């Protein structure tokens, strides 16, 4: 990200947007993994309340921090995150997840 041309507020906003993009991508991957696990157990996913699937996805994400790095790489490829941005760790993710 070209920080020299942006105001400090805009830099902070862009970093927030980048972290949000990574968090969403990581959570989407965790949700898919949970849905795959449920299907493997013979559960019909559409019968599981979405809030329960998301709760399990957050737990899955907490136990699989590598999903954050994978999401960062994916966000870079998709153009959501500038490749020059600082690397994110799970502790830097939005909402503590």
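Values quoted throughout were computed directly from the atomic coordinates according to the rules given, and no laboratory measurement underlies them. This is a predicted model, so every value here is computed, not measured. We place every Cβ from the backbone using ideal geometry, glycine too, and count neighbours over all the protein chains shown.
Which order do the peptides 33-41, 71-79 come out in when sorted by mean C-beta neighbours inside 10 angstrom, highest first? The partial results should precede the final answer.
Details: 33-41: 13.6, 71-79: 16.7.
Final packing ranking: 71-79, 33-41.
Mark the label point 7 Å from the Cα of residue 36 along Cα→Cβ and return the residues of region 61-78 whose backbone N is within less than 15 Å of it.
What the label zone holds, given the 15 Å backbone N cut-off, is 61, 64-68, 70-71.
Gain in length, residue 24 to residue 43, computed as 0.36 nm per residue apart minus the alpha-carbon separation, to one decimal in nm?
Values: separation 19, 0.36 × 19 = 6.84 nm, distance 2.48 nm.
Between residue 24 and residue 43, full extension yields an extra 4.4 nm.
Report the FRET efficiency, 1/(1 + (r/R0)^6), for residue 51 and residue 13, where r is their Cβ-Cβ distance and R0 is 30 Å, rounded to 0.05. Don't skip to the end; give the middle numbers.
Values: r = 30 Å, r/R0 = 0.99.
Efficiency, from the Cβ-Cβ distance: 0.50.
Run the quick spin-label model on residue 5 and residue 77: label points 7 Å from Cα toward the beta carbon, then report their separation in nm to one decimal.
In this crude label model, residue 5 to residue 77 measures out at 2.8 nm.
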